[in-house]
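Bear in mind these aren't lab numbers, they're just calculated from the coordinates by the rules spelled out. Note that the structure is predicted; figures quoted are calculated from it, not measured. A quick note on method: Cβ atoms are made from the backbone with ideal geometry, for glycine too, and the neighbour counts reach across all protein chains shown.
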């Protein structure tokens, strides 16, 4: 049996592969074989290390040495110096940019572990169906600490001091919300967990509920203790069956262990949790709409004030927080406000979970400290753009957010700077677009979403968004005119300014930010009727190049609408007025004679 | 199950569970007890994590490897589902991505049995709250 | 309560804490336009969804414009109701509504009375900058109400009336986004629903999304048919409101002009539903006394309280909602139907006209009367006792199209024998009136004494639920009054629970009673209009020589010549009815 005593880990991420990491691996292997060390030392490929800027990366275990910017020519030196002589190759080590000293081990590199897991700390680590594993990882200690050692006032103050802000999108200070609800008089109060995650592509709340349901239960109990509520309700999408199942199991276990129910941990504090199922309406993420939905009414928002803190579920004081916000509570109690405050930036403390998606290599669920730049997320964690394409924009804040260009890549991720840049934090969707994405089509995609999800209660959102969508549709169909851009802007402003709830107040954001940042692209659609990204079908033209066409008639025979004509063995012609841009001719042509204009 | 009535009860349970886990990790037969966590969130399951988990359980059982295969939540590497974390006693945990049955068999054959690493390791690129 | 100082359009204003910007502005004469907002002051009816966004104003320091109807004032607030930004937003919002609204003003039933049309004019909208797809829905016609939902602007006023005020629960918003629309559940037709046809949705609809079934054409046809004798009856509440359609102040009594107009229209006889109201009192009062005396004699099975039954929406309401209590309301038909039954028997015989050649038209403040007249039990050989029931508004439209200058008409008197009425018949038109009329007669019949005072102030008012105890010469009679079906429901639930303290209860479906009926001139959310109409009704009563139903000589004659006595077999056959379980 081969028992390797050393491993050479060569990054096989897309970025590193592009800079010859395959060759590096081969060189290392060959050189080890030459030295007869192939039985002792193994060379393998790994996934992306998340430090593509300094790739390719070679990591040596067990001594954890981390070499950066390795070239195929460097392999000999690594083998001879490090492996054979046991000396580090100084020049390939990472130099701390401030101190200029070399850092050997990756765990000492600030840049390397860009992610910090607080909300996701137990996800992918413990068995969610086993309360004991949660307890083994400090589970329910925060609740015990609150009930045993702290008053509700002190606990609330701790949350205020931590600087935690709502992770559902609004960014309202969580502690303050608790404090307001705590101070409102009421014979019955409620803690509501908003698990009605609805942003397209966002799934962090689902992942937390699936991976660490107890953290939400514990946090809701702590919240109940603070505000004086003995009843918790989780409003969860019925489309999340696994999350529901895990949550149910967890609630059952917590009840069995006496961590929910009457007289929790030997105190006189009672708290229990019930589930309420939502049908997946995006607008029910808005807290007043959520509450109406739980009450059995139409899921539509009402004017605030009164805020739920004063008059919420069944008219009682109700504190609503989202899943990710709750998941931050137990660590804050356990490790203190100061610890939490040390992560993140001045006005945005802690971390934020993002569902990273789009044209990016490492699509996934990530958790980064506030203040991390978009560049770090896109390149270091996301591993850069797929297929070596050009980065075009990153969309944050879901359908309410905006598209930021490469000029904004160094924007730190925090509530205020994202808004200043023309987007927003949102609940954590992050979609990366490349050069092939048409920004008008992207704006249209988001509008279509809000159009579907609007409750229809207020005029600007019900009809205004419809009209915005229609204008965008017209533009992508090649029927736009320059005045449409003014109309888009003017109407967007009014919809933002007059809508009843956050959905309508933010729904034009994708339009405004794309017009602002990609004006040329819009202009090109409405003036010369061209889609620069080549995405808008109606603006494409399939044209047969006479000099390449052999007159084989293949395209003619496959065209479903008879738009192609021509004699055998002489160049064919596409009648643009008949062409439906299905692209069949383009696929069928064996002579590359059909081009897209 | 007796109810947890106080902080002391909770701590006691925690100690018990932790020592159980430690015992599991550094028990009498450390060379035999392998731990595999399969990421079983919706996305994982959708891309075949259940099959992968069952495969590990059956195959390790058939091959007489004393292993503990458990489920866990989302590890975050959506692009590489199904993902698993493999811990050989005494060693650092290793995460593998794209673990289908073929890959699972390779991991068992090489990593579990021969202690060789297999291509496709995903470097852990996050800090935990205890770091 | 604390007072708040703020500035609106550079004018200082001091209002109570909790006041909205809209109210605060109104207090200094600034009228911020609204579309969805509606409040019937002192009647506990408010529609405040904050949905139309027409009333948005600029509040200094706020990120977004604020809806004036829903935003409460803050100390030091600086509000600008007509800044460029606010006006532009308001106009755009109205343009958006218009972009999804059929531009049929020229032929629309609501033209000239449409809140949306007024709004567009007031804002000077001449062009709609954002056009696109318009919602189209199937038109829904019922015996009384037409839903033309293409014209719905989702103000939700009808929903508030249907659900909160009436607790009928037929209308609610369904679907989402651009497809959101007010509809009965599962988009069923109104006539398949539990709709009572009270018409309060019609009364508050700002556009023509909800209107009454127009029967003016049928009436004109009947009037021009030489083979028909066409007679008309007018409900008490009509005379207190019809003038509004011709620019008169609310509360102007136009009884004489109305009679004159009807004669000009060509009706052969102009009669008064008030006559039938007196007849109703004879029957219902006798029934009340019958049950009461049985009760006083110790009969435990007697059904008390007795409930009035003149209101067709109320009848349909309890048939749907309280089918186990069908034996509690009085069996007396409503005045409209009593009139129809008497007209097509007693009067037809007198005039020697065949039933099928006599057309009975009624002018009603109500849309449910259309439905009531179509009920099978009020037909003989498929010929209805009342052929057409048109609303006050439809009458106004008939007068207009007949080139009649209403304002300059002389006063004329009703024809006889079915045109004479007492003041008791008149007050049927307002909440509290039916029971007061009943008390005037029942007291005298029961005690054999003459009443010293006829104005029972304790039974009058606009409170949704009222109660009073009337001393019947030593016997205290407990009376309950409810208007609005939500209030009625409360009393019915008390009866169901065996907790009712009342001997008699009057119920009217519409807020204010028939004066606030769904067929009356639109009040546009102004509760003062209803109060003024109520005053007018009591004034008409006061001016009458005869103020007690049993003293109406034509009623006495009717019993002598035709019916015998109240509750006789003939009276039973013609003037009483039965109820059906519609649950």
ask   = When the Kirkwood radius is taken over all Cα pairs of the range B:31-122, what Stokes-Einstein diffusion coefficient follows at 25 °C and 0.890 mPa s, in µm²/s?
value = 193
query = Roughly how many whole Å is it from the C-alpha centroid of the range C:263-329 to that of the range A:201-263?
reply = 58
message = Quick check of the Kirkwood formula: for the protein assembly as shown, what is the inverse mean of 1/r over all pairs of different Cα atoms, in Å?
response = 36.5
inquiry  = Rg over Rh of the range A:439-527, using C-alpha atoms and the Kirkwood radius, what does it come to?
reply    = 0.95
query = Regarding the range C:169-320, what whole-number volume in Å³ per residue does the convex hull of its Cα atoms give?
reply = 205
remark   = At 37 °C in a medium of viscosity 0.692 mPa s, the range A:529-597 has a Stokes-Einstein diffusion coefficient, with Rh taken as the Kirkwood radius over alpha carbon pairs, in µm² per second, of 273
request  = Work out the FRET efficiency for residue C:572 and residue C:467 from their Cβ-Cβ distance, taking R0 = 41 Å, and round it to the nearest 0.05.
outcome  = 0.85
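What is the packing order of peptides A:256-262, A:292-298, taking the mean over residues of other C-beta atoms within 10 Å and listing the highest first?
A:256-262, A:292-298
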FRET efficiency for residue C:249 and residue A:523, using Cβ-Cβ distance with R0 set to 60 Å, rounded to 0.05 = 0.50
Cα-only Debye scattering, chain A: base-10 log of I(q)/I(0) at q = 0.13 Å⁻¹ = -1.27
ask   = Arranged by the count of other C-beta atoms within 10 angstrom, fewest first, what order do C:85, A:467 take?
value = C:85, A:467
A:91, A:206, C:53 arranged by Cβ crowding within 10 Å, fewest neighbours leading = A:91, A:206, C:53
remark   = With bins of 5 Å, the percent of all Cα-Cα pairs of the range C:3-99 per bin from 0 is 3, 14, 25, 25, 19, 10, 4, 1, 0
Rg/Rh ratio calculated on Cα atoms of the range A:6-108 (Kirkwood radius) = 0.94
request  = Figure the gain on full extension for residue C:26 and residue C:214 (residue separation times 0.36 nm, minus the Cα-Cα span) and round it to one decimal in nm.
outcome  = 64.0 nm
query = In a solvent-free Debye calculation with one equal scatterer on each Cα, what is log10 I(q)/I(0) for the range A:154-247 at q = 0.12, 0.19, 0.21, 0.22 Å⁻¹, listed in the order of the q values?
reply = -0.41, -0.97, -1.13, -1.19
inquiry  = Calculate the FRET efficiency for residue C:105 and residue C:46 from the Cβ-Cβ distance with a Förster distance of 25 Å, rounded to the nearest 0.05.
reply    = 0.30
request  = Given the peptides B:50-61, A:137-148, arrange them by the average over their residues of other C-beta atoms within 10 Å, most packed first.
outcome  = A:137-148, B:50-61
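How big is the convex hull of the Cα atoms of the range B:89-131, per residue, in Å³? Each step should come with its number before you reach the end.
Numbers: hull volume 3.8 nm³, N = 43.
Taking only Cα atoms, the range B:89-131 has a hull volume of 89 Å³ per residue.
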query = Could you give the nm distance between label points at residue C:539 and residue A:577, where each point is 7 Å from its Cα heading toward the beta carbon?
reply = 7.3
ask   = Principal axis lengths of the range A:131-337 from Cα atoms, whole Å, largest first?
value = 41, 37, 29
10 Å Cβ neighbours from other chains, averaged over peptide A:483-492 = 1
task = Pull out the extension gain between residue C:497 and residue C:1, defined as 0.36 nm times the separation in residues minus the alpha carbon to alpha carbon distance; nm, one decimal.
result = 174.6 nm
key: Span per principal axis, largest first, for the Cα atoms of the range C:140-212 (Å)   = 29, 24, 23
inquiry  = Give me the inter-chain shielding for A:265-274: mean count of other chain Cβ atoms within 10 Å, whole number please.
reply    = 2
ask   = What do you get when you divide the Cα radius of gyration of chain C by 2.2 N^0.38 Å, with N the number of residues?
value = 1.00
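What order, most packed first, do the peptides C:275-287, C:571-583 have when packing is the mean number of other Cβ atoms within 10 Å of each residue?
Packing proxy ranking, top to bottom: C:275-287, C:571-583.
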key: Burial ordering of B:5, C:263, fewest other beta-carbon atoms within 10 Å first   = B:5, C:263
remark   = Inter-chain shielding metric for C:169-180, i.e. average beta-carbon neighbours from other chains within 10 angstrom, reads 5
